[in-house]
Structure formats: C-alpha cells, structure tokens
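The block underneath contains the structure these notes are about, expressed in structure tokens.
The values are calculated or read from the model by the stated rules, or taken from the named source; none is laboratory data. Small disclaimer: the values here were computed from a predicted structure and weren't measured. As a convention, Cβ positions derive from the backbone with ideal geometry for all residues, glycine included, and neighbour counts pool all protein chains shown. In case anyone asks, the SASA skips ligands and DNA or RNA and just uses the protein heavy atoms, side chains included. Shrake-Rupley method; radii C 1.70, N 1.55, O 1.52, S 1.80 Å.
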Amino acid sequence: MHELSLCRSIVGVVERHADTARVRRVNLQVGQLRQVVPATLTYCWSLVNADTPLGGSELCIESVPARIRCTGCAGTTELDAPVLVCAHCGGTAVQVVAGEEFLITSLELTEA
Ligand SMILES: [Zn+2]
C-alpha cells in the first residue's frame, strides 16, 4: 500500500528531528495531486506506530488544492478535478504550480 510506505518515510524524518522528545502531533501538507487518501494515511500512521515511541501521536493532514498556470495567457486556475485545462482561455499548455506537495510542516513535541 502506497500510504504505508509514505508513513514509514514520515516516521524516518520525524525520528531524526524529534530526537528524544515525545511527539504529540505531526503536521503534514499533502497536495491533491498526490493521490493520497487522508483517512487511509492517518489509519496507517496509527498502525505503523502502534508499538513505538510515536504511538498515540496524531498525524494532522492539510490538503493543498491543485493549481496550474497557463503558459498561453498566464492565468492561474485552481483545479477541482484533475483536468489540466486553463479556466481562462481553455488552453492545455499549463504548468502545475501547486498540488504535488508532500511536506512535514511542523512537529509538536512534549518534553519526555
Ligand atoms: Zn490560459
């Protein structure tokens, strides 16, 4: 499962940064183009960490809408569907400018 391997890589990053402090919450930004199901990701998070020091920590996911910029008219379009078409001129020569994020934005720690 895609989400399971994502959780493992998040764990790796969190462990490097948290050191011996206890992690209460991990804040994550996930772009809508990443095909990640937030509920599945949080479920995997509790599963992967059940018997580890990260057990009981919360994974908080902020979903980032996908956005494209048109190379024809320079307009930007926020996408509600994964269709890469400019809303201003109908052009398809577009660049994805947001929506591919997969980023740990912050950790909330409590002293051990
Ligand atoms: Zn356009």
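Residues that are over 15 Å from Val64 (Cα atoms) and among the charged types (D, E, K, R) within region 1-45 comprise Glu3, Arg8, Glu15, Arg16, Asp19, Arg22, Arg24, Arg25, listed in sequence order.
Please determine, by comparing only the residues of region 14-39 that are polar (S, T, N, Q) and modelled with pLDDT under 95, which one is most open to solvent (accessible area, probe 1.4 Å).
Checked region 14-39; the qualifying residue most open to solvent (accessible area, probe 1.4 Å) is Gln35.
Residues that are at pLDDT 95 or above and aliphatic (A, V, I, L, M) were ranked within region 67-84; the one that is nearest to the ligand (Cβ to nearest atom) is Ala74.
Report yes if some residue within region 50-57 is closer than 17 Å to Ser106 by Cβ, of a type in the set (A, V, I, L, M, F, W, C) and within 14 Å of the chain's Cα centre (by Cα); otherwise report no. No; the residues of region 50-57 include none that is closer than 17 Å to Ser106 by Cβ, of a type in the set (A, V, I, L, M, F, W, C) and within 14 Å of the chain's Cα centre (by Cα). Taken as a whole, the condition of being in a helix (DSSP H, G or I), open to solvent by less than 80 Å² (accessible area, probe 1.4 Å) and in contact (Cβ under 8 Å) with a residue 12 or more places away in the chain applies to Val11.
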